[in-house]
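What follows draws every value from the coordinates through simple rules; no lab data is involved. Just so we're clear, the structure is a prediction, and the values are computed from it rather than from any experiment. Cβ placement follows ideal geometry from the backbone for every residue including glycine, while neighbour counts extend to all protein chains displayed.
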Amino acid sequence: MRKIFLMAGCLLMTALAKAQFNTITFKPAVFTAEDNVTFTIDVSGSDVAGESELYIWTWCNKEADPANYPGKDGITNTDWNSAPAIAKMTQKTGNIFEFSFTGTSMYGLDPGKLKHFQFLIKTKNGSKKTADSPKFPFDPIVFIPSAYRVFPGKVGVSDMINLYFHQDLATNSDEQRMTPKTVTVTLYDQSDAVIGQPKTWNLLSEGNKVWSYSFIPNFAWTIPNNTTVKRFTWHFDGTGVDANGKPVPVTGTTNEKTIDALK
């Protein structure tokens, strides 16, 4: 029943969007923040009609409760006057364009922190643009917290990957007591050979004993041509104290994640 109401809401917002766009459809029609969603849009009658290259500018959670749903720009929003390649839409025919994304990768937030998103369509230099779209909702998902998490659930080498360490959920006493400092990530190819060198980054404290780091594999590493990334491993490290109260390094549990999408 909930999905029926959500689909009805999407249809209503689609009708409202017709002031700027003749049609806009989503596939799948209802999606969570972890699903890959493709929207198709007809920009006929808008200021960008007739353009052969268009780009998306997007944001999430506008006017939502900031304590639970922080507002954030998409990773496509780098420079209004010169849109990046990752923001380019695919022209299907004439004024019909298409764009695919995953909410958690686009906005760099946990799925439970994503309520809805909006966008506008623009030319590369921003000289022409549409009005803001209506708010399109993400279908809620059941979130089960754990000590080690990676979002989104399905990741590719071009996705923003978010690693989290919930120290309050750790079962290892050393990890419970350590002061987290860094995360080390190692990338592997299809034959399980290490790609380049492992990367070590300083962690960001999210508060409440939650630590995180975000990265995009093909930005952080130079991946050789004709090389397929199979998986990556990571571990959170920090400092603790020994029986005499002296500081000692602590290496956390090594975790592994398969790369689901090749590009």
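Computed as a quarter of the hull surface, the mean projected area of the alpha carbon convex hull for the chain stands at 16.5 nm².
Quote to one decimal, in nm, the extra length available between Ser205 and Asn225 on full extension: 0.36 nm per residue of separation minus the C-alpha distance between them. Could the numbers behind the result be given before it?
Details: separation 20, 0.36 × 20 = 7.20 nm, distance 3.55 nm.
Residue separation times 0.36 nm, minus the Cα-Cα distance, leaves 3.6 nm.
Neighbours of Glu34 by Cβ distance under 15 Å: Lys/Arg scored +1, Asp/Glu scored -1, total 0.
Using a Förster distance of 51 Å, how high is the FRET efficiency between Trp80 and Asn244, based on the Cβ-Cβ distance and rounded to 0.05? Spell out each step's value before the answer.
Values: r = 57 Å, r/R0 = 1.12.
The pair Trp80/Asn244 has a calculated efficiency of 0.35.
Which Cα, out of Gly94, Leu120, Gly156, lies furthest along the positive dipole direction of the chain (beta carbon charges, K/R +1, D/E -1)? Farthest towards the positive end: Gly94. Size descriptors for segment 62-160: radius of gyration and Dmax over Cα atoms are 15.1, 49 Å.
Taken over the C-alpha atoms, segment 148-258 has Rg and Dmax values of 15.0, 52 angstrom. Dipole magnitude for the chain: about 320 debye, using +1 per Lys or Arg Cβ and -1 per Asp or Glu Cβ, origin at the Cα centre.
The charge dipole of segment 83-150, taken about its Cα centre with unit charges on the Cβ of Lys, Arg, Asp and Glu (plus for the first two, minus for the last two), comes to roughly 280 debye. Using 0.36 nm per residue and subtracting the Cα-Cα separation, the extra length available between Glu63 and Lys128 on full extension is 20.9 nm.
From the helices alone, meaning DSSP H stretches of at least four residues, give me the mean residue ellipticity at 222 nm for the chain, per-run term -39500 (n - 2.57), in deg cm²/dmol to the nearest 500. Working shown, then result.
Details: 4 runs with 30 residues, N = 263.
Mean residue ellipticity, 222 nm, calculated: -3000 deg cm²/dmol.
Summary of packing: across the peptides 24-36, 108-120, the per-residue average of other C-beta atoms within 10 Å ranks them, highest first, as 108-120, 24-36. With respect to the cross-link table entries Lys88/Lys199; Lys154/Lys181; Lys92/Lys124; Lys62/Lys199; Lys72/Lys154; Lys92/Lys122, which display a Cα-Cα separation exceeding 24 Å? In this structure, Lys88/Lys199; Lys154/Lys181; Lys62/Lys199 lie more than 24 Å apart at Cα.
Under a 5 Å amide H cut-off, with hydrogens placed 1.01 Å from N, Thr239 pairs with Thr179, Lys181, Val250 among residues at least 5 apart or on other chains.
As a rough guide to protection, the peptides 194-207, 167-180 ranked by mean Cβ packing within 10 Å, highest first, stand as 167-180, 194-207.
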